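Colleague: Following this message is one structure expressed as structure tokens.
The values are calculated or read from the model by the stated rules, or taken from the named source; none is laboratory data. Keep in mind it's a predicted model, so treat the numbers as computed, not measured. With ideal geometry, Cβ positions are generated from the backbone for all residues, glycine too; neighbour counts draw on all protein chains shown.
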Amino acid sequence: MSVIVLVEHTEGNIKKKSFEAVQYAAHIAQQTGTTATAVVLGSIADAEMEALGNYGAKKVVHIADDRFNELHARAYTSALIKVAQAGESKIIVTLYDINGRAVAPRVAVQLKAGIVAGALSYPDIDNGFVIKKAVFSGKAFAFVNVVSDKKVIMLMPNTFPLVKTDGKASIEKLDISFTEKDFGIKVTAVNKVVGEIPLSDATLVVSGGRGMKGPENWGLIENLAKELGAATACSRPVADAHWRPHHEHVGQTGGTVRPDLYIAVGISGAIQHLAGVNGSKTIVVINTDPEAPFFKAANYGVVGDAMTVLPRLTEAVKKFKQHK
Amino acid sequence: MNITGSVNAIKGGEFLVRETEADSIFIPEEWNEEQLMIAETCTNFLAQHVTPNLTRIDEQEEGLMPHLMEEAGALGLLGISIPEEYGGFGKDFTTSMLVTEKLGAGNSFSVAFSAHTGIGTLPILYYGNAEQKQKYIPKLASGEWKGAYCLTEPGAGSDANSGKARAKLSADGKHYLITGQKMWITNAGFADIFTVFAKIDDDENLSAFIVEKNFEGLSLNPEEHKMGIKGSSTRQVFFNDCKVPVENLLSERQNGFKIAVNILNLGRIKLGGGTVGASKEVITMAVRYANEREQFGRAISKYGAIRHKLAQQAIRTYGSESAIYRASQNMEEATEQFVASGMDEIKAKLKGTEQFAIEAALIKVHASETLDYVVDEGVQIYGGMGYSAEAPMDRAYRDSRINRIFEGTNEINRMLMVDMMLKRALKGELDLMGPAQAVAGELTSIPDFAAAEEEGLFSKEKKYIKGFKKAILMVAGAAVQKLMTQLGKEQEVLMCLADMLMELYVSESTQLRVEKLVGMRGEEACKEQLDIMRVYINDAAENILKSGKEAINSFADGDEKRMMLMGLKRFTKTEDINTIQARRNIAAKLITENKYCF
Amino acid sequence: MPDTTTKIILNPNATAINKEGTTYVINPYDEWYALIRAIELKESGIATEIHLITVGKAEVEPIIRKALSLGGDEAIRIDAESIDPYQTAAYIADYAKSVGYDLVLCGKESIDYNNGTTGVILAEMLDLDYIGFATSIKIEGNSAIVNREIEGGEETDSCKLPVVIACQKGVAEARIPNMRGIMAARTRPLKVVTPSAVSPLTEILSYELPLAKSGVKMVSPDNMDELVELLHSEAKVI
């Protein structure tokens, strides 16, 4: 009856957000009187997988097939289903990220399980199985009750802080056979932007808008981002004007970010942009216009010209890091 | 779209002497699904192509305006009312008014668009022969060719027929050679086709010609530097023995002035539509600014002084809009009736429009003055930023001003509307005499205080409007009697009468619209519209009283004067209402919706 | 296409965005990207027929016609409330199985419930592959060549038809309906289909609005050290 949780890894390391998923699954396991089993697919060292015990996994099932190093949703699904059937699991947890979103719904169909996309809370099991999630692009929250016997939950990353324990997990190896159908998608090219922190998982983001006046000024944003160890983002007009690549566009029809810190420079704060960033824990707004609507949604505000404020802020961060 | 088909349908100008049923008018709240989709395309077009480029447009960036015209053409917006056989969509007049309204919020683009689709295309569409239409209309409908219209000259503005441009037949009889100078020509910088007015030889009246930009002898002056609509191409056009093939004579010789007047009727009501579209957009900008700008710790939209302005902007816009769609539907129905009686379609269209030329002139004046009010208070609401060229209100303010000048100055249009009324009365087309005499009779009789007060949500307003009509009939009747043919020279009196007529028409149109709306949605859902109606009529009564007094005091004296002044007071008496509270209610809705929402 | 007749379907989701009355729009991801790409494929001769499928009650028909004004040969409205993704996908799958589509395009998620699961569930029910977060779609022969977003970059995938693809920015440029399309919208068929009942597996019990932010703390532009200090000690984010 264990709770199954899908673990993601990259370049030999388990992703931080996967530890969050494991921790979340372990919590639910405790709530429902069972244990959590982490499922790891693809090539990764045992030593790495042991850390999963520190976040509440009792058992780790490792399916070492190399093909898993790319996303093959149907294969992932088959694997999860096999493990779930073996453990008679009723609850499956993945992350609400690109990979999780391709896999969890398929698992849900096969298990005839209701699915929650983007959980922001632990389930309230006193009133059914009710989980909070964001709706209307973050303008509201909904309380979703899963009425089916089995349940699939996709956890929103960066919702719960990680708490390391000294728990231990046993590692079990599993071999599964797959069909051709499971690997129907061929990956013909991969273009990873080297050295950049992917926006979707970033905990720190520096974002620029039209107030930056032009793409030639973006070095100021990039410098601050580098100093902070942050990802860079932009508003829609900037992406539409091709000042920045479209994957940096954050907003209602762009990407959604939920970092700990979102610094918005020269962005007025239209509702569509706010929809993409209102899940941020802390928002800093830098704008020359004291009437900019974004200040109403900010935790900290600076009225000033980006051209002077950004270098100063970069310096201040540098100084701060040196003294630490 | 309903066809009343009634033999007894209201005629142009008859609003002064007849009642209209609320159910019989068209109100904007009745748009059908297809019309709403068309409106959305217009709005999206502006949002995507025009609004982000307003600065570049105003700088007259090379090729930009003609490109925008082509984009509009690709969406089909230039061919809305052009018959399908010429590549258009053959839509009804009300739909084309909706397009005009929605595209009216495009500053300089709106002017280029209106000039092209109106004066730039319609003379050929309505007066061209089959060959001319086949040659020019499809490309004008698609936007491949752009149109312009050359009537005005340095010495011939309001007095258009005094133009000095001349045309003479060439020796071989194959061309007209046009010589003259035209001024203030919109779209001249990129137009392919010009409809040019000139007198042939010693003719008394103008003739019209289709001139292509490549014809020998045509040249342009550089762009005029204007207060506003800087993005609209405005140039002087010179004709030096400009060779125009004889087959490009448009309609009959000496028919030019008639063409000009008929096209102007349409142009006037269209201008009304465009300015209403602009007003709504400016009000939305003003509300949003007021909701964001904070002073003394609160958004300025919380302050009464600002709320008054927002409400007043909305009230006047709602009034203009009510009048426009009422009249455009009247024109459409009149056209259909003429067609049904066997008249040729184009002739019917022109006659149907001409029927309501009085209303068209009235609407042109009212709507243009509404927009000037709206942008003026818009600047005021924006405060310092209203004066800054970095904010949009400055452009709105400067762009609006031309509307009171072109398409017939508002002074000309005021005098025209009264003049047309009286002329129709004289010709027996409009019975003003009878009703005027009845009112005069009422003056000497004792008012019937025991007359049963009508019950109903709109009974008070209907009573007031009846009173307004009596007031006008009384003053106009007396003015005609007293001044007779001299009345034409008493421009101030004519202007007073015009103002009274405008207030009546807009009051009545607003009242009927709200009545119909309440019938559709229920009283509860129309609270603010009811307030708009009440405030408008309340203020209209005061204005009618003031204008009436001014007229009466200028030509009447003694007992007659006293009696008329008393009558005027009686006819414009309204119950006191709390207009401040009513405006607050209206403003509150605008503020909650954060846009013009009526 | 030389051999097969390629039919494409779309899932426009009706999305209520106006609290007063119901102003419905097509889900932007569906309208701007999925639908337009389908129309482009038809314009280039690759697709032969486009079907627009919506799950909704009669009040969504104006939006379906709006989609038709952009393009599409036939619209199908499955007469049901769209309550949860499983149920919605089941209705669509039921209909799709009766027709047999070569390509299914949808938006990456809907902007009302932000689930993004309906398309995947549909793919699983139709026993098809699913490619999400697509930024470009090409059809070559009997395969779809799709660029999709991955963490930290992009990947190019190749998959044999039929397949389900969820679209986002990059797949196509949004279009404004033109007069011709608007007038054609009325004439294109809009079929209404009654589905066999499927029970939803989730329900929304209630909603909540986010807590208002407590008020912005302004920091002088000359004092960035203070800001850094606040971010560290107060906000605890660096």
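Colleague: Can you tell me which residues in segment A:290-323 are hydrophobic (A, V, I, L, M, F, W, C) and either in a helix (DSSP H, G or I) or more than 9 Å from chain C (Cβ to nearest Cβ) (or both)?
Modeller: Those that are hydrophobic (A, V, I, L, M, F, W, C) and either in a helix (DSSP H, G or I) or more than 9 Å from chain C (Cβ to nearest Cβ) (or both): A:A292, A:F294, A:F295, A:A297, A:A306, A:M307, A:V309, A:L310, A:L313, A:A316, A:V317, A:F320.
Colleague: In segment C:96-132, what residues are of a type in the set (S, T, Y) and within 11 Å of chain A (Cβ to nearest Cβ)? Outline the logic, then answer.
Modeller: In the first step, residues of segment C:96-132 are kept if they are of a type in the set (S, T, Y); the result is C:98, C:101, C:110, C:113, C:117-118, C:130.
Across segment C:96-132, the qualifying residues are C:S110, C:Y113, C:T117, C:T118, C:Y130.
Colleague: Just wondering, is there one or more residues in segment B:303-326 that are outside any helix (DSSP H, G or I), touching a residue at least 12 places away in the same chain (Cβ under 8 Å) and surrounded by fewer than 24 Cβ atoms within 10 Å (Cβ to Cβ)?
Modeller: Restricting attention to segment B:303-326, the residues satisfying the condition of being outside any helix (DSSP H, G or I) are B:303.
Retained after the next criterion (residues that are touching a residue at least 12 places away in the same chain (Cβ under 8 Å)): none.
So far as segment B:303-326 goes, no, none of its residues is outside any helix (DSSP H, G or I), touching a residue at least 12 places away in the same chain (Cβ under 8 Å) and surrounded by fewer than 24 Cβ atoms within 10 Å (Cβ to Cβ).
Colleague: Is it the case that some residue within segment C:140-151 is surrounded by fewer than 20 Cβ atoms within 10 Å (Cβ to Cβ) and touching a residue at least 60 places away in the same chain (Cβ under 8 Å)?
Modeller: yes
Colleague: Quick check on this structure: which one of A:S177, A:S89 is more than 8 Å from every other protein chain (Cβ to nearest Cβ) and either in a helix (DSSP H, G or I) or out of contact with any strand residue (DSSP E or B) (no Cβ under 9 Å at 6 or more places or on another chain) (or both)? Can you show your working first?
Modeller: Numbers: A:S89 fails: either in a helix (DSSP H, G or I) or out of contact with any strand residue (DSSP E or B) (no Cβ under 9 Å at 6 or more places or on another chain) (or both).
Only one candidate qualifies: A:S177.
Colleague: On to the next question. For segment A:112-149, which positions are touching a strand residue (DSSP E or B) at 6+ places or on another chain (Cβ under 7 Å), more than 7 Å from chain C (Cβ to nearest Cβ) and outside any strand (DSSP E or B)?
Modeller: Passing the criteria: A:L120, A:S121, A:P123, A:G128, A:F129.
Colleague: Counting only residues that are of a type in the set (S, T, Y) and part of a helix (DSSP H, G or I), which one in segment B:327-348 is surrounded by the fewest Cβ atoms within 10 Å (Cβ to Cβ)? Explain how you work it out, then say what you get.
Modeller: Initially, segment B:327-348 is screened for residues of a type in the set (S, T, Y), giving B:328, B:335, B:341.
So of that shortlist, the ones also part of a helix (DSSP H, G or I) come out as B:328, B:335.
Values: B:S328: 29, B:T335: 23.
Result: B:T335.
Colleague: List the pairs whose first member sits in segment A:243-260 and is under 14 Å from C:K108 (Cα atoms) and within 8 Å of chain C (Cβ to nearest Cβ), whose second member is hydrophobic (A, V, I, L, M, F, W, C) and buried (at least 20 other Cβ atoms within 10 Å of the Cβ), and whose Cβ atoms are under 6 Å apart, counting only residues at least 6 apart or on separate chains?
Modeller: Cβ pairs passing all conditions: A:Q252/A:A275.
Colleague: Can you list the strands (runs of 3 or more DSSP E) lying wholly within segment B:172-285 that have 2 or more residues being surrounded by 20 or more Cβ atoms within 10 Å (Cβ to Cβ)? Steps first, please.
Modeller: Details: elements: B:175-186, B:193-200, B:207-212, B:218-220, B:234-245.
Counting at least 2 such residues, we get B:175-186, B:193-200, B:207-212, B:234-245.
Colleague: Separate question: Looking at B:A436, B:A396, which one is modelled with pLDDT under 95, in a helix (DSSP H, G or I) and buried (at least 20 other Cβ atoms within 10 Å of the Cβ)?
Modeller: Numbers: B:A396 fails: modelled with pLDDT under 95.
Going through B:A436, B:A396 in turn, just one is modelled with pLDDT under 95, in a helix (DSSP H, G or I) and buried (at least 20 other Cβ atoms within 10 Å of the Cβ): B:A436.
Colleague: Quick one: in segment B:562-579, which of the residues that are surrounded by fewer than 16 Cβ atoms within 10 Å (Cβ to Cβ) and without any contact (Cβ under 8 Å) to a residue 60 or more places away in the chain is nearest to B:A478 (Cα to Cα)?
Modeller: We begin by selecting, within segment B:562-579, every residue surrounded by fewer than 16 Cβ atoms within 10 Å (Cβ to Cβ); these are B:562, B:566, B:569-570, B:573, B:575-578.
Those left that are additionally without any contact (Cβ under 8 Å) to a residue 60 or more places away in the chain: B:562, B:569, B:576-578.
Numbers: B:R562: 13, B:K569: 16, B:D576: 29, B:I577: 32, B:N578: 34 Å.
It comes out as B:R562.
Colleague: Shifting gears a bit: At pLDDT below 95 and either hydroxyl-bearing (S, T, Y) or not assigned by TED's automatic domain parsing to the domain that holds B:M97 (or both): does that describe B:R268?
Modeller: Values: at pLDDT below 95: no; either hydroxyl-bearing (S, T, Y) or not assigned by TED's automatic domain parsing to the domain that holds B:M97 (or both): yes.
Here the answer is no, as B:R268 does not meet what is asked.
Colleague: Further question: Pull up segment C:184-219, narrow it to residues that are closer than 27 Å to C:Y86 by Cα and among the hydroxyl-bearing types (S, T, Y), then point me to the one that is surrounded by the fewest Cβ atoms within 10 Å (Cβ to Cβ).
Modeller: C:S196
Colleague: Right, here's the next one. Give the residue, chosen from B:K423, B:K462, that is in contact with an Asp or Glu (Cβ under 9 Å, 6 or more places away or on another chain) and either within 25 Å of B:Q511 (Cα to Cα) or of a type in the set (D, E) (or both). Before you say what the answer is, go through the steps one by one.
Modeller: Working: B:K423 fails: either within 25 Å of B:Q511 (Cα to Cα) or of a type in the set (D, E) (or both).
Result of the check over B:K423, B:K462: B:K462.
Colleague: Are any residues in segment A:197-214 in a loop (DSSP other than H, G, I, E, B) and more than 7 Å from every other protein chain (Cβ to nearest Cβ), and if so, which ones? It would help to see each step written out before you state the result.
Modeller: Step one: list which residues in segment A:197-214 are in a loop (DSSP other than H, G, I, E, B), which gives A:197-198, A:202-203, A:209, A:213-214.
Hits for segment A:197-214 are A:I197, A:A202, A:T203, A:G209, A:K213, A:G214.
Colleague: Looking at B:K351, B:K364, B:K347, which one is under 21 Å from the mean Cα position of the chain (by Cα) and without any contact (Cβ under 8 Å) to a residue 60 or more places away in the chain? Spell out how you get there, then give the answer.
Modeller: On the way: B:K364 fails: without any contact (Cβ under 8 Å) to a residue 60 or more places away in the chain; B:K347 fails: under 21 Å from the mean Cα position of the chain (by Cα).
So the residue among B:K351, B:K364, B:K347 that is under 21 Å from the mean Cα position of the chain (by Cα) and without any contact (Cβ under 8 Å) to a residue 60 or more places away in the chain is B:K351.
Colleague: Only residues that are more than 13 Å from the chain's Cα centre (by Cα) and without any contact (Cβ under 8 Å) to a residue 12 or more places away in the chain: list them for segment C:70-123, please.
Modeller: Scanning segment C:70-123 gives a single hit, C:S98.
Colleague: How do the pairs read when you match residues in segment A:186-214 that are within 24 Å of C:V228 (Cβ to Cβ) with residues anywhere that are loosely packed, with under 13 Cβ neighbours inside 10 Å and among the hydroxyl-bearing types (S, T, Y), using Cβ under 8 Å and keeping only pairs 6 or more apart or on different chains?
Modeller: Close Cβ pairs satisfying both conditions: none exist.
Colleague: Considering only residues that are part of a helix (DSSP H, G or I) and crowded, with 24+ Cβ neighbours inside 10 Å, look in segment A:35-76 and name the one that is nearest to the other protein chains (Cβ to nearest Cβ).
Modeller: A:A73
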